[in-house]
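Asker: This is the structure, below, for whatever I ask next.
The values are calculated or read from the model by the stated rules, or taken from the named source; none is laboratory data. As the structure is a prediction and not an experimental result, all values here were calculated from the model. Neighbour counts run over all protein chains shown; Cβ positions are idealised from the backbone, glycine included. Keep in mind that these areas ignore ligands, DNA and RNA; they rest on the heavy atoms of the full protein, side chains included. Shrake-Rupley method; radii C 1.70, N 1.55, O 1.52, S 1.80 Å.
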Amino acid sequence: MTQHSLTAVDPGAFAASGTVIVIPARNEQVYIADCLDSLFAQATPRRAGIVICVNNTTDDTAAIALDRARSRRWPLIVIQADLAKGGVGQARRLGHRVALRAAPHASVLLSTDADCRPAPRWQAEMEMTLRRAPAVLGRIEVAAQELAGFPGQFLRRQHIENDFAELAMEFERLMDPAGPNGIGLNTAGGANLGFRRATYLHVGGYRAMPSGEDRDIIARVRQAGLRPIRADRAVVVASMRLIGRAPGGMADQILARSGCGDSSVDSALVPFEAMVAQHLGRQTPSLPMTLSRAMQDLPLLRDCVEGLRGLSCIHSRRRHLAALLQNPLEMESGCGTEDADDSWN
């Protein structure tokens with residue numbers, strides 16, 4: 001079992017909390033005060049208990065968080081732990097375990113990150129959505145002022161990926177048996193997730209993973225026959241920092257897009273042919289999804305989505321996809337990989 005210590009501010013109020021927010025934090029002294037101030041300023045009469053899992057940290061994150069909470073008499077628990085393995089997944093898991101024990105009547109479990117600033121109505125929107133859904137994926141936006149300072153090459157790459165991701169999301173929602181209320185792509189981010197207490201316990205909670213724990217738990221929610229939904233009005237603003245805490249996280253992706261040559265894209269995205277095949281129960285070669293491949297497949301995906309929009313049911317949409325696979329010419333693109341690579345520079 002992981003060795004850890006707890007320090008609580010107003011434990012009695014924490015025990016009475018109906019909503020608990022869990023935040024993993026590793027060397028976050030630069031960001032933690034802004035994150036907490038955003039949570040303290042939520043437009044809701046219900047104060048949420050906050051658990052901060054300060055793990056493998058050498059700075060003043062814990063002290064800053066405790067000082068901030070004491071000045072506001074805010075129900076907050078700081079966990080200080082050295083985790084041998086598991087990374088952010090283990091930190092989220094430990095934070096939720098403590099939250100469940102310390103707030104036995106809390107029915108809502110929310111998650112964000114220490115370098116994020118939740119919008120004023122974030123908590124209220126997440127709570128409202130969880131009244132009709134077992135789990136909810138909030139919206140994660142990047143800090144606009146920070147983004148504007150990035151080089152043009154990065155912004156061009158980001159634009160290509162965003163175009164592909166938006167169309168891929170619409171494609172998946174059009175093909176989702178849950179209809180327009182389905183989440184489409186599993187783009188879950190621990191910076192903005194929420195669960196009913198019963199849902200979290202039913203699927204076994206976060207797993208101790210170095211990264212990807214957020215998409216893993218949402219995949220298990222869906223595998224359990226439950227239907228998470230999105231809450232696009234529940235917004236957190238995330239930092240665009242280049243030195244991250246989780247391997248394969250946002251900071252690593254930003255660095256990859258800032259370099260020369262091709263780079264990977266969000267792991268939720270797959271080549272167009274694989275998107276079509278998986279909805280027909282067919283196997284395709286496992287090919288890496290890169291920005292050049294996204295550029296190559298973008299016209300095909302756009303045409304396909306336009307065709308699917310005009311069809312009224314999922315059965316007719318599957319027939320449309322089957323016709324695409326039967327005609328290989330329809331699956332080919334006029335944009336080659338080498339030409340796509342040249343456009344990065």
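Asker: Take the residues in the range 281-295 that are in contact (Cβ under 8 Å) with a residue 60 or more places away in the chain and open to solvent by less than 30 Å² (accessible area, probe 1.4 Å), then tell me which one is nearest to LEU269 (Cα to Cα). Explain how you work it out, then say what you get.
Answerer: Step one: of the range 281-295, the residues in contact (Cβ under 8 Å) with a residue 60 or more places away in the chain are 291, 294-295.
Filter once more, keeping what is open to solvent by less than 30 Å² (accessible area, probe 1.4 Å): 291, 294.
Working: LEU291: 10, ALA294: 9 Å.
Here the residue is ALA294.
Yes/no per residue for (1) modelled with pLDDT under 90; (2) open to solvent by 60 Å² or more (accessible area, probe 1.4 Å); (3) within 24 Å of ARG233 (Cβ to Cβ); (4) acidic (Asp, Glu):
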residue: GLY138; (1), (2), (3), (4): no, no, yes, no
residue: PRO151; (1), (2), (3), (4): yes, yes, no, no
residue: MET169; (1), (2), (3), (4): no, no, yes, no
residue: ASP176; (1), (2), (3), (4): yes, no, yes, yes
residue: ILE183; (1), (2), (3), (4): no, no, yes, no
residue: THR199; (1), (2), (3), (4): no, no, yes, no
residue: HIS202; (1), (2), (3), (4): no, yes, no, no
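Asker: Turning to a different aspect of this structure: Looking at (1) modelled with pLDDT of 95 or more; (2) under 21 Å from HIS96 (Cα atoms); (3) not charged (D, E, K, R), which is the one condition that is false for ALA231?
Answerer: (2)
Asker: Which one of ASP67, ASP59, ASP34, ASP10 is among the charged types (D, E, K, R), out of contact with any strand residue (DSSP E or B) (no Cβ under 7 Å at 6 or more places or on another chain), over 23 Å from MET209 (Cβ atoms) and touching a residue at least 60 places away in the same chain (Cβ under 8 Å)?
Answerer: Only one candidate qualifies: ASP10.
Asker: Test each condition in (1) out of contact with any Leu (no Cβ under 9 Å at 6 or more places or on another chain); (2) open to solvent by 10 Å² or more (accessible area, probe 1.4 Å); (3) over 13 Å from ALA99 (Cα atoms) for TRP74 and report the one that comes out false.
Answerer: With (1) out of contact with any Leu (no Cβ under 9 Å at 6 or more places or on another chain); (2) open to solvent by 10 Å² or more (accessible area, probe 1.4 Å); (3) over 13 Å from ALA99 (Cα atoms) applied to TRP74, the lone miss is (1).
Asker: Shifting gears a bit: Check off (1) open to solvent by less than 50 Å² (accessible area, probe 1.4 Å); (2) at pLDDT 95 or above; (3) not in a strand (DSSP E or B) for THR57 and give me the number that stays unchecked.
Answerer: (2)
Asker: Go over the candidates ALA246, ALA251 one by one and state the one that is at pLDDT below 95, open to solvent by less than 40 Å² (accessible area, probe 1.4 Å), touching a Ser or Thr at 6+ places or on another chain (Cβ under 6 Å) and small (Gly, Ala, Ser). Write out each step before concluding.
Answerer: Values: ALA251 fails: touching a Ser or Thr at 6+ places or on another chain (Cβ under 6 Å).
None of the others qualify; the one that does is ALA246.
Asker: Check every one of the helices (runs of 4 or more DSSP H) wholly within the range 123-217 and list those with 3 or more residues that are more than 14 Å from the chain's Cα centre (by Cα) and polar (S, T, N, Q). Lay out the reasoning, then the answer.
Answerer: Working: elements: 144-148, 152-175, 197-203.
The qualifying helices (runs of 4 or more DSSP H) are 152-175.
Asker: It is to be established whether one or more residues within the range 100-114 are part of a helix (DSSP H, G or I), over 16 Å from the mean Cα position of the chain (by Cα) and buried (at least 23 other Cβ atoms within 10 Å of the Cβ).
Answerer: no
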